[in-house]
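The values are calculated or read from the model by the stated rules, or taken from the named source; none is laboratory data. Remember, it's a predicted structure, so these values are computed and weren't measured experimentally. Note that we place each Cβ from the backbone using ideal geometry, even for glycine, and neighbour counts take in every protein chain shown.
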Amino acid sequence: MNDISKSDTRPDFLKRPDGATIAYHAHPGKSPGVIFLGGFMSDMTGTKATALEQACRQAGRAFVRFDYFGHGQSSGAFVDGTIGRWREDAVAVLDACTEGPQILVGSSMGGWIMLLAALDRQERVAGMVGIAPAPDFTRALMWEGFDDNIRETLKRDGVYMEPSEYSEEPYTIALNLIEEGDDHMIMEDGIELDCPVRILQGMQDPDVPWQHALKLIDALKSDDVTLNLNKSGDHRLSEPDDIERLIATVETLCQQVSGQKASE
C-alpha cells in the first residue's frame, strides 16, 4: 500500500473566522463521502487515516482527512484547544470541503467530535463509524480517574503533562479542556441521532474501556447500531486485521446508505 502521508505531503488549508488555518486533504469521488476525525493529539498522517484514504481512492469514493486546531499541520497551540473548538473545526470542514451525504469515522476523541458534528449537521451525516469512541472522555475517562495529586496540579498550574504510551511526548492536559468539555457532554441525556452507527472496540483498551462503548450504544437513539469487539485489540486498533476490519466496515456502511438512498 502506498504511503499517502509521504507521497501527498502538501495539504490545503481552510481559513477560520479568527484567522486560524485548518490543514486538510480532500479527494473527490462518489457519494457518500467519508471524513476521518482523528484522536487526542493525533494528526491526519496516522495509519488509520491514510489506509482508509487509500481504500476510498481505490473505490472511487470521496474522502477527507484533516487536523484540528493545534494538531498536526493546522495552526494554533494544542494547549489552547477545546472540545468546542474542535467540534467547530469538524463542522467547518464538513461544510466547506464536502458535498452530499457523509460517513463520519471518528477515532477515540474523534468519536466524540464525530457525534457532536452529526448533531449539528444531521441532514448531512448519513452514518458513523466509531473506533474506540470516547464521548464525554474529559470527565468520565480523565477527571474522574485522576488522583488527588493530578487534580491539584491541574488546579494549581492549569495543565498536567500525562505520560503517553504511544509517544515520547506526554499528553498536554489543560484544566480548561476539562472544564469546557463539560459544556459538550452527550451521554447522560441521550444522543438524538437516527443514522446507522458502527463501533469497533478493543477489549484490551487501557484508555477507553469496552464498557464505555456499551454506554454509548445505550445513549444513542438510533436502533441501527452494532458493536464489533476485538478480544485482543488495544486502543489504537492499527494492526493489519484491525485496518481490514475498519475498511470493510466503512465500505459496507457506505453501500448500505447508497442502497437506502436509491430505494427512496
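Of the listed requirements (1) surrounded by fewer than 24 Cβ atoms within 10 Å (Cβ to Cβ); (2) in a helix (DSSP H, G or I); (3) not hydrophobic (A, V, I, L, M, F, W, C), residue 89 misses just one: (1).
Listed residues 242, 189, 183; which is buried (at least 19 other Cβ atoms within 10 Å of the Cβ) and among the acidic types (Asp, Glu)? First the steps, then the outcome.
Values: 189 fails: buried (at least 19 other Cβ atoms within 10 Å of the Cβ); 183 fails: buried (at least 19 other Cβ atoms within 10 Å of the Cβ).
Only one candidate qualifies: 242.
Residues in region 87-96 that are in contact (Cβ under 8 Å) with a residue 40 or more places away in the chain and more than 15 Å from the chain's Cα centre (by Cα): 96 only. For region 24-43, filtering for residues that are more than 15 Å from residue 131 (Cα to Cα) and either touching a strand residue (DSSP E or B) at 6+ places or on another chain (Cβ under 6 Å) or surrounded by 21 or more Cβ atoms within 10 Å (Cβ to Cβ) (or both) leaves 10.
Here region 146-165 is the region considered, the condition is being exposed (fewer than 11 other Cβ atoms within 10 Å of the Cβ) and part of a loop (DSSP other than H, G, I, E, B), and the residue that is modelled with the highest pLDDT is 147.
Would you point out which residue out of 84, 111, 72 is closer than 18 Å to residue 177 by Cβ, assigned to a loop (DSSP other than H, G, I, E, B) and within 16 Å of the chain's Cα centre (by Cα)?
Values: 84 fails: assigned to a loop (DSSP other than H, G, I, E, B); 111 fails: assigned to a loop (DSSP other than H, G, I, E, B).
Matching residue, one of 84, 111, 72: 72.
Return yes when residue 130 is buried (at least 23 other Cβ atoms within 10 Å of the Cβ) and not in a loop (DSSP other than H, G, I, E, B) and no when it is not. When the stated conditions are applied, residue 130 passes them. Contact map, region 97-117: first residue surrounded by 24 or more Cβ atoms within 10 Å (Cβ to Cβ) and hydroxyl-bearing (Ser, Thr, Tyr), second residue in a helix (DSSP H, G or I) and modelled with pLDDT of 95 or more, Cβ cut-off under 7 Å, separation 6 or more or different chains; pairs are 107/48. Residue 57 satisfies every condition listed in (1) surrounded by fewer than 17 Cβ atoms within 10 Å (Cβ to Cβ); (2) closer than 14 Å to residue 185 by Cα except (2). Only a single item in (1) within 22 Å of residue 239 (Cβ to Cβ); (2) at pLDDT below 95; (3) of a type in the set (S, T, N, Q) is not met by residue 107, and it is number (2).
Okay, residues lined up against (1) more than 17 Å from the chain's Cα centre (by Cα); (2) under 16 Å from residue 112 (Cα atoms):
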{"position": "178", "(1), (2)": "yes, yes"}
{"position": "186", "(1), (2)": "no, yes"}
{"position": "193", "(1), (2)": "no, yes"}
{"position": "199", "(1), (2)": "no, yes"}
{"position": "209", "(1), (2)": "no, yes"}
{"position": "214", "(1), (2)": "yes, yes"}
{"position": "244", "(1), (2)": "yes, no"}
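Among residues of region 14-41 that are over 20 Å from residue 118 (Cβ atoms), those with a beta-carbon under 7 Å from a residue that is at pLDDT below 95 and in a loop (DSSP other than H, G, I, E, B) at least six positions away or on a different chain give the pairs 25/8.
On the given criteria, is residue 186 in a loop (DSSP other than H, G, I, E, B) and within 30 Å of residue 260 (Cα to Cα)? Quick ask: steps written out before the conclusion?
On the way: in a loop (DSSP other than H, G, I, E, B): yes; within 30 Å of residue 260 (Cα to Cα): yes.
Judged against the criteria, residue 186 is a match.
I'm trying to understand the selection: among the residues of region 166-180, which are outside any strand (DSSP E or B) and either crowded, with 18+ Cβ neighbours inside 10 Å or of a type in the set (Ser, Thr, Tyr) (or both)? Full working, then the answer.
Applying the first criterion (outside any strand (DSSP E or B)) to region 166-180 yields 166-170, 175-180.
Result: 166, 167, 177, 178.
Among residues of region 204-232 being closer than 14 Å to residue 108 by Cα and among the hydrophobic types (A, V, I, L, M, F, W, C), the one that is surrounded by the fewest Cβ atoms within 10 Å (Cβ to Cβ) is 210.
In region 202-215, the residues that are free of Cβ contacts under 8 Å to residues at least 60 places away in the same chain form Cβ pairs under 7 Å with partners that are outside any helix (DSSP H, G or I) and surrounded by fewer than 18 Cβ atoms within 10 Å (Cβ to Cβ), at six or more places apart or across chains, as follows: 203/229; 203/231; 204/232; 210/203; 210/229.
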